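The values are calculated or read from the model by the stated rules, or taken from the named source; none is laboratory data. Since the model is a prediction, treat every value here as computed from it, not as a measurement. Cβ placement follows ideal geometry from the backbone for every residue including glycine, while neighbour counts extend to all protein chains displayed. SASA here: full protein model, heavy atoms, side chains in, ligands and nucleic acids out. Shrake-Rupley method; radii C 1.70, N 1.55, O 1.52, S 1.80 Å.
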Amino acid sequence: MSPATDKQGRPTDEDLTRRILAVAADLLGAQGYQQLSVERVAKTVGCGKTAIYRRYPDKGALVAAALRAQVDVGETPDHGDVRADLLEHALQNQRNQELSPEHRNGLQAMFEPDVFPALWESFFQHRRQQGVHIIDRAVARGELPADVHHDILLDTIAGLTLYRQSVKRIHLDQRHYVDIIDALVTTPPRRLPDADEQVSHVP
């Protein structure tokens with residue numbers, strides 16, 4: 001199968017896909033998830049609903065793809081220093097949440113039950129794995145203890161960005177990241193031996 005065809009053998013129209021995602025992002029930011037419809041996206045783009053459903057099986061998948069198109073997984077930093085690596089990782093997360101005012105309200109859709117699983121598979125789990133690699137390297141270098149709680153450390157930094165920047169709309173200064181990261185590395189959260197914890201795939 002050539003790159004110009006999809007799984008059903010239909011020609012792939014990359015420009016149409018980009019327009020569908022752009023319009024979906026615009027409407028999502030303006031109307032919110034509940035008011036968004038595939039019909040409205042198709043009408044605004046000037047295509048049939050079938051063109052959208054060939055690419056995305058439902059509205060949740062469409063919105064997940066529209067959000068995914070606005071963010072970048074980025075590279076896994078490796079400066080040989082856990083503080084520098086965590087800072088670069090945090091700043092990439094911050095950039096991903098610095099959407100235009102027109103699209104910023106659409107971020108709330110990431111928590112919709114029909115949207116989050118697709119975003120987890122295509123984006124969030126990759127970002128988490130990058131953070132895990134950063135911490136594992138730090139453990140190997142002796143910068144962090146072997147029983148450091150990966151997820152609490154990473155979620156503390158990511159949660160700060162989400163709440164302060166995306167909810168409260170206050171820009172985080174890089175110096176605050178430095179302070180928070182230094183505190184977490186100096187006194188890292190530890191795994192609790194009697195706790196039964198699993199990685200959650202839901203917000």
With a cut-off of at least 1 residues that are closer than 26 Å to LEU172 by Cβ and touching a Ser or Thr at 6+ places or on another chain (Cβ under 9 Å), name the helices (runs of 4 or more DSSP H) lying wholly within the range 24-139.
59-68, 82-96, 101-104
When you scan the range 113-172, how many residues do you find that are touching a residue at least 24 places away in the same chain (Cβ under 8 Å), among the β-branched types (Val, Ile, Thr) and under 19 Å from LEU87 (Cβ atoms)?
7
Give ILE157, ILE170, ILE152 a once-over and let me know the one that is assigned to a helix (DSSP H, G or I), open to solvent by 40 Å² or more (accessible area, probe 1.4 Å), β-branched (Val, Ile, Thr) and out of contact with any Ser or Thr (no Cβ under 6 Å at 6 or more places or on another chain).
ILE152
Listed residues THR50, THR5, THR17, THR12; which is under 23 Å from the mean Cα position of the chain (by Cα) and either modelled with pLDDT of 95 or more or not basic (Lys, Arg) (or both)?
THR17
Scan the range 126-137 and give yes if some residue there is farther than 18 Å from LEU91 by Cα and over 18 Å from the mean Cα position of the chain (by Cα), otherwise no.
yes
Using the structure shown, decide if PRO203 is open to solvent by 80 Å² or more (accessible area, probe 1.4 Å), over 25 Å from TRP120 (Cβ atoms) and at pLDDT below 95.
no
So, VAL185, is that one out of contact with any helix residue (DSSP H, G or I) (no Cβ under 7 Å at 6 or more places or on another chain) and part of a helix (DSSP H, G or I) or not?
no
Which one is most open to solvent (accessible area, probe 1.4 Å), of the residues in the range 51-92 that are out of contact with any helix residue (DSSP H, G or I) (no Cβ under 6 Å at 6 or more places or on another chain) and polar (S, T, N, Q)?
GLN70
